[in-house]
Amino acid sequence: MNLKSVLMGGIAALALAVGAAEAEGVKVGMITTLSGGGAGLGVDTRDGFLLALKQAGDAGAAVELVIEDDQQKPDIAVQIADKMIQSDNVDVLTGIVWSNLAMAVVPAAVAQNRFYLSTNAAPSALAGAGCHPKYFSVSYQNDNLHEAAGAYASEAGIGKIFIMAPNYPAGQDSLAGFKRFFKGEVVNEVYTQVGQTDYAAEIAQIRASGADAVFFFLPGGMGIAFMKQYAESGVGLPLVGPAFSFSQDILPAVGDAALGVKNTAQWSKDLDNAANKAFVEGFQAEYGRLPSLYAAQAYDTANLLLSAMAKADVADADAFAGALNAAEFDSVRGKFRFGPNRHPIQDIYIREVVKEGDVLTNRIIGVAMTDRGDAYADQCQN
């Protein structure tokens with residue numbers, strides 16, 4: 001065999017090896033809520049992620065996605081994560097909506113050398129001292145949208161406010177974030193049960209509180225139940241909330257009671273950039289409905305993953321982490337970068353619930369915060 005043959009044979013073997021590596025791609029385990037009162041959030045998470053993979057063509061096909069329903073139960077989420085890591089041998093985990101489930105899953109997952117890319121839940125405990133080089137929050141840090149709501153409420157001249165959230169990590173972070181930037185008086189701070197559907201007692205407290213307005217964080221079915229009961233109560237105090245309380249997935253069920261309510265978000269369907277237009281149009285074409293914040297965050301998460309896959313092999317953990325941290329993808333939010341604790345630094349907007357034809361949705365009316373990181377980054381030493 002001559003030298004040319006040896007070289008050609010070596011090149012062919014190398015090409016086959018590279019092709020095999022590309023064919024293997026990255027295996028992703030998505031744990032999200034697909035049943036019960038929080039199902040709409042998980043469905044949008046799943047659909048946003050899948051849309052990004054589909055739009056990416058061959059690059060998206062290199063992602064093997066395993067999806068399971070956590071039923072919004074921490075013990076189920078842990079069982080699924082253990083199976084995905086130990087039996088399915090996933091490289092990356094993602095998809096958890098609820099912060100109590102994230103706290104049950106993420107520390108053990110990263111300790112087993114798996115990457116976790118958060119499409120939503122981002123509790124303060126994982127942003128500060130509990131941060132980890134393999135944990136990236138693509139969404140926000142839990143406090144962020146609530147901080148922006150506090151800043152907006154102050155600027156709007158609200159003097160006294162009643163604040164309310166469910167009693168779990170995201171609820172606790174939400175009220176802490178709101179109070180961090182609200183300059184007025186909090187007349188009452190109430191924690192409700194996760195999954196609660198009867199708010200008669202809380203509405204009676206609001207009525208008697210002497211507040212000028214109400215701030216509440218109640219995602220999914222909790223928000224739908226509260227808004228319907230609040231509208232029927234006739235209390236009539238202005239409402240302020242984060243996007244989760246007025247997300248696209250719940251607005252049809254809430255109805256006209258949500259019209260005019262101001263809420264805060266790092267994304268909106270009317271953000272004017274090419275990536276967002278492609279996302280919104282593609283989501284409507286694929287699923288026949290407008291996307292929510294949850295879908296937008298999952299879409300960005302998938303595109304972040306694809307951008308890292310184009311630069312590094314997931315088996316080289318340090319290189320892959322560096323590729324993720326570079327965040328070289330076109331975000332639906334426009335500008336996007338990670339802070340030192342691998343949580344976003346981003347703008348947060350004020351939105352208003354409006355009606356476009358017969359469809360309730362949100363539109364941007366202002367900017368609440370520019371280049372906001374989070375309050376815990378300086379506690380992260382990893």
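The values are calculated or read from the model by the stated rules, or taken from the named source; none is laboratory data. Here the structure is a predicted model, which is why all the values come from computation and not from measurement. A quick note on method: Cβ atoms are made from the backbone with ideal geometry, for glycine too, and the neighbour counts reach across all protein chains shown.
Condition check ((1) closer than 30 Å to Ile345 by Cα; (2) out of contact with any helix residue (DSSP H, G or I) (no Cβ under 7 Å at 6 or more places or on another chain)) across all residues:
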residue	(1), (2)
Met227	no, no
Ser233	no, no
Gly236	no, yes
Trp267	yes, no
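In the list Ala319, Ala326, which residue meets the criterion of being surrounded by fewer than 24 Cβ atoms within 10 Å (Cβ to Cβ), over 27 Å from Asp143 (Cβ atoms), at pLDDT 95 or above and of a type outside the set (Lys, Arg)?
Ala319
I'd like the full set of residues that are part of a loop (DSSP other than H, G, I, E, B), touching a strand residue (DSSP E or B) at 6+ places or on another chain (Cβ under 8 Å) and polar (S, T, N, Q), limited to region 110-130. Within region 110-130, just Thr119 meets the criteria. The residue of region 229-251 that is surrounded by the most Cβ atoms within 10 Å (Cβ to Cβ), among those that are of a type in the set (A, V, I, L, M, F, W, C) and in a loop (DSSP other than H, G, I, E, B), is Ile250. Among the residues of region 265-279, is there at least one that is more than 25 Å from Asp374 (Cβ to Cβ) and hydrophobic (A, V, I, L, M, F, W, C)? Yes, there is a match, as at least one residue in region 265-279 is more than 25 Å from Asp374 (Cβ to Cβ) and hydrophobic (A, V, I, L, M, F, W, C).
If we keep just the residues of region 201-216 that are in a helix (DSSP H, G or I) and over 28 Å from Pro74 (Cα atoms), which is farthest from the chain's Cα centre (by Cα)?
Ala208
What about Ser154, is it among the hydroxyl-bearing types (Ser, Thr, Tyr), modelled with pLDDT of 95 or more and more than 17 Å from the chain's Cα centre (by Cα)? Against the criterion (among the hydroxyl-bearing types (Ser, Thr, Tyr), modelled with pLDDT of 95 or more and more than 17 Å from the chain's Cα centre (by Cα)), Ser154 qualifies. Looking at Arg114, is it modelled with pLDDT of 95 or more, of a type in the set (Lys, Arg) and under 18 Å from Ala265 (Cα atoms)? Here the answer is no, as Arg114 does not meet what is asked.
Set side by side, the residues Pro133, Pro107 differ, and just one is part of a loop (DSSP other than H, G, I, E, B) and more than 14 Å from the chain's Cα centre (by Cα), which is Pro133.
Being among the hydrophobic types (A, V, I, L, M, F, W, C) and out of contact with any Lys or Arg (no Cβ under 8 Å at 6 or more places or on another chain), is that true of even one residue in region 340-351? No. Selection of first residues in region 171-183 that are assigned by TED's automatic domain parsing to the domain that holds Ile158 and over 13 Å from Ala122 (Cβ atoms) and of second residues that are of a type outside the set (Gly, Ala, Ser) and in a helix (DSSP H, G or I), restricted to Cβ pairs under 8 Å at least 6 apart or on distinct chains, gives the following pairs, ordered by first then second residue: Leu175/His146; Ala176/His146; Phe178/His146; Phe178/Glu147; Arg180/Glu147; Phe181/Glu147. Going residue by residue through region 168-175, is there one that turns out to be farther than 21 Å from Ser139 by Cα and polar (S, T, N, Q)? No, that holds for no residue. Scanning region 306-316 for residues that are farther than 22 Å from Cys131 by Cα and either of a type outside the set (A, V, I, L, M) or buried (at least 16 other Cβ atoms within 10 Å of the Cβ) (or both) turns up Leu306, Ser307, Met309, Lys311, Ala312, Asp313.
Step by step: first the residues of region 252-273, then only those that are in contact with a Pro (Cβ under 9 Å, 6 or more places away or on another chain) and outside any loop (DSSP other than H, G, I, E, B), then the one that is surrounded by the fewest Cβ atoms within 10 Å (Cβ to Cβ). Which residue is that? The residue in question is Lys262.
Checked against (1) over 26 Å from Ala62 (Cβ atoms); (2) touching a helix residue (DSSP H, G or I) at 6+ places or on another chain (Cβ under 8 Å); (3) among the basic types (Lys, Arg), Arg363 meets all criteria but (2).
The set of residues in region 305-335 being touching a strand residue (DSSP E or B) at 6+ places or on another chain (Cβ under 9 Å), under 20 Å from Arg372 (Cα atoms) and of a type outside the set (Ser, Thr, Tyr) consists of Leu324, Asn325, Ala326, Ala327, Arg333, Gly334, Lys335. Of all residues in region 225-237, those that are in contact (Cβ under 8 Å) with a residue 40 or more places away in the chain have Cβ atoms under 7 Å from Cβ atoms of residues that are of a type in the set (A, V, I, L, M), 6 or more apart or on another chain, in Leu237/Ile206; Leu237/Ala211; Leu237/Ala213; Leu237/Val214.
Just name the residue that is farthest from Gly373 (Cα to Cα) out of those in region 144-195 that are assigned to a loop (DSSP other than H, G, I, E, B) and touching a helix residue (DSSP H, G or I) at 6+ places or on another chain (Cβ under 6 Å).
The selected residue is Tyr168.
Say whether the condition of being in contact with a Gly (Cβ under 6 Å, 6 or more places away or on another chain) and at pLDDT below 95 is met by at least one residue in region 219-239. Taking every residue of region 219-239 in turn, at least one turns out to be in contact with a Gly (Cβ under 6 Å, 6 or more places away or on another chain) and at pLDDT below 95. Checking each residue in region 63-89 for being in contact (Cβ under 8 Å) with a residue 60 or more places away in the chain, within 21 Å of Val138 (Cα to Cα) and surrounded by fewer than 24 Cβ atoms within 10 Å (Cβ to Cβ) picks out only Val63.
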